Structure formats: C-alpha cells, structure tokens
1. Under a crude label model (7 Å from the Cα following the beta-carbon direction), how far is Glu42 from Ala245 in nanometres?
2. In what sequence, highest mean first, do 107-117, 173-183, 150-160 appear when ranked by Cβ atoms within 10 angstrom?
3. Run the simple label-point estimate for Val271 and Ala134 please: 7 Å along Cα→C-beta, distance reported in nm.
4. For a label point 7 angstrom out from the Cα of Thr50 toward its Cβ, which stretches of the stretch 1-41 have the backbone nitrogen within less than 20 Å?
5. Applying a 10 Å radius around every beta-carbon, put 12-20, 209-217 in order of their mean neighbour count, most first.
6. Given charges of +1 on the Cβ of Lys and Arg and -1 on the Cβ of Asp and Glu, with all other atoms neutral, how large is the dipole of the stretch 153-272 about its Cα centre, in debye to the nearest 20?
7. Say we join alpha carbon atoms closer than 10 Å with springs in a Gaussian network model of the chain; which of Ile30, Ile41, Ile121 then has the biggest fluctuation?
8. Rounding to the nearest 20 debye, state how big the charge dipole of the chain is about its Cα centre with +1 on each Lys and Arg Cβ and -1 on each Asp and Glu Cβ.
Amino acid sequence: MNAQRRVAVLTGAARGQGRSHAVALAEQGIDIIAVDRCADIESVPYPLATTADLDETAKLVHEAGADVETVVADVRDLNALQAGIDRGIARFGDVDIVIANAGVVAIGRPDPTDDQLYRDIVDVNLLGVWHTIAATAPSMIRRGTGGSMVLISSMQGLVGRGGDGSAATFAYAASKHGVVGLMRSAANAYAPHNIRVNSIHPTGVATPMIFNEHMAEVFAANPEGSAMSGNLLPVPFVEPSDVSAAVLYLVSDGARYITGTALPVDAGFAVM
C-alpha cells in the first residue's frame, strides 16, 4: 500500500452522479471506497441502483486506472456503513476525500401526511450524510494530511421553489437545507485538522433519479411546473460530469482555502 496515494469514500456510487464522481476521481489516481445500498426503498417511487450497477462502477474505476473497494450498505445504517468503510480503509489506508452523494427524491407524490415517505427521504438525504461524516472523519484526522469533504445537496437546499405542500417536497427541501447546516458545522469542527467541508447544489441532473418512468409521468402531467423548469440557461438539466467538475475542484489543491461554501451548479436556477 502506498501511504501517499489518495483515497476517497463515495456514497451513492452505483450509478448517476455517484458513478460520474467515482470515475472522475479515479482518473486522478484516487482509489475509491464505493458505497451503495443496491436495493429499492418501498416508499421511493422509482427503482434504485443494483449490485450490477455497483459492479459496473467498479469496472469503470479500474479502467480509469484506480483501485476500488465496493461496499453494499445503506447510509441509514451507521454500523453497516462503518464496517464497509473500515474494510476499505484496511485495504487502502486512511481516507482524505469524502463525497456524501447518496440521496432520494419523490417529486409527484402528493400526500401531505405521508409520514413514512418523509422519514425515508430525510433519513437517506440528511441522516445518511451525517453518518457518512461520522464514519470517515476519524480516518481523515488520523491520516494527518488534511482533506476535503464534499456534501452533495441540491438547489432545493438553498431555495424553496417547487414546494407543493406534499410530504415528499417538504422532506426533500428540509433534508437538503439540513445538509448545509451539517456542512457549516463540520467545516468549523474539522478546520483545525485542515479538513475542508463544502456542499454542491445542482439543479436537476440527467440521472436515473430524473429519467425514470415515474418522473416521465410527472413531467407529462405538469410540463411547466417541475422544480427543474426554472433554469436561467437554456438547458433543462445539467450533466453528471458538470457536478463532477465541481467535485474535482473542491478536492483539489486549487481549493485548499475554500471551506464552508455552498457551491451552486444550477444553470442559473437561483438567479432572481
């Protein structure tokens, strides 16, 4: 094991943004501890990633020139997440990059009192991010070289546009706003160790979270009313690679003095 080699923990790694981030980091020679649940959640109205998806991410990471430890674990389960990450640390050494990317959404579910859906969204999107921080910070501190945590939030973590009174949209906005609070608190907590913590806030991203049968029905029923219809630039969605470019910047030496920042990748969604 090369003690100087960089190591990243990445959740939600099996497809979409997570896969894009994993490959982009691998192309920089960074080994990946790739975490994904690889199973559906009953309340979430679209299929989640599979073990085959995670295997494909691992294949692409290897092809990009890095090594990978795959971890099938739910970010809501701290013990399982910790055990999987620890297995990767035993193989590669302590980590210096964390990308907390796992998240779910349920746009188009109108029930205002769907308690289970609300809890599932918040538990994945917010509790899961805290679990990811808790499971990796000791390793980053132990490594002693500083590092970078990047928490993937959303423009719904900075604005409230698209709220419709449903448990689904309330949970998503609340959880993604909560990620900003975690980011700012963690930036303060870990600054003495030269660990930087920032969040990224994409508008809609062209991934299976958006491109699925459920969302196709939502868009068909309300083509002008989606939360992604407010981009200022003439694009309905950004690409995963656009978010990955921001990730690469925030984990690079070029961003060595950037911490506690919420970075939009939003095609102008927030411009008033």
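Read-outs: derived from the displayed coordinates by stated rules, not from any lab. Computed from a predicted structure; not experimentally measured. Here the Cβ is made from the backbone with ideal geometry for all residues, glycine too, and neighbour counts use every protein chain on show.
1. Placing both labels 7 Å along Cα→Cβ, they lie 4.3 nm apart.
2. Details: 107-117: 15.6, 173-183: 20.6, 150-160: 23.9.
Put in order of decreasing packing, that is 150-160, 173-183, 107-117.
3. 4.1 nm
4. 12-20, 35-41
5. Values: 12-20: 27.0, 209-217: 15.2.
Per-residue mean Cβ counts within 10 Å order the peptides as 12-20, 209-217.
6. Details: 5 positive and 8 negative charges, 115 e Å.
Dipole about the Cα centre, nearest 20: 560 debye.
7. Ile41
8. Values: 18 positive and 29 negative charges, 206 e Å.
Using only the charged Cβ atoms, the result is roughly 1000 debye.
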